[in-house]
Amino acid sequence: MKTTEGAWLPFMGAGLIGGVYGGIQNIGYQIGRNQGWNWWSFGGAVALGAIGGYLRKLWGIKQIPIKMTLAPATMGLRVVHGRVMTKYVQPRWDSFKSRYFRR
């Protein structure tokens, strides 16, 4: 008789690694935004990363080890993305909204 004990471990491990990866990306993004810490954003990123890791394992895609080795680089890219959003995109978006969408 075939046993299934421990068959769920790879899926939970993939979810855990995906959650850590999502958290690392969000930390980089929040550092780049140069604003206060937002637990909702961090929790959402961890939850979405965990779900994504679980689904990747469910679909048989084996990209999780590659992503974890690239995690420091993606954190740096998220810092740059946050800084660009804060410095260039957000002020222009706010002026556009105030000009065309007055209350």
Per residue of the range 22-31, in order, report the coupling 6.51 cos²θ - 1.76 cosθ + 1.60 (Karplus, θ = phi - 60°) as ³J(HN,Hα) in whole Hz, putting x for Gly and Pro. x, x, 4, 4, 5, 4, x, 5, 5, 5
For residue 29, what is the net charge nearby, where nearby means another residue's Cβ is under 12 Å from its Cβ and Lys, Arg count +1, Asp, Glu -1? +3
At 1.4 Å probe size, with no ligands or nucleic acids counted, give the accessible surface of residue 33 in Å², nearest ten. 50
log10 of Debye I(q)/I(0), alpha-carbon scatterers only, for the range 8-81 at 0.24, 0.25 Å⁻¹: -1.00, -1.05
Within 12 Å, Cβ to Cβ, of residue 86, how many net charges do the neighbouring residues add up to if Lys/Arg are +1 and Asp/Glu are -1? +3
If I model a spin label as a point 7 Å beyond the Cα along the Cα-Cβ vector, how far apart are those points for residue 42 and residue 101 in nm? 2.9
Solvent exposure ordering (accessible area, 1.4 Å, most first) of 86, 69: 69, 86
For the pair residue 94 and residue 27, how long in nm is the line joining their label points, each one 7 Å along Cα→Cβ? 2.8
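The values are calculated or read from the model by the stated rules, or taken from the named source; none is laboratory data. None of these values were measured; they are calculated from a predicted model. No Cβ is skipped: glycine too gets one built from the backbone with ideal geometry, and neighbour counts run over all protein chains shown. Please note that ligands, DNA and RNA were not included when accessible areas were found on the heavy atoms of the full protein model with its side chains. Shrake-Rupley method; radii C 1.70, N 1.55, O 1.52, S 1.80 Å.
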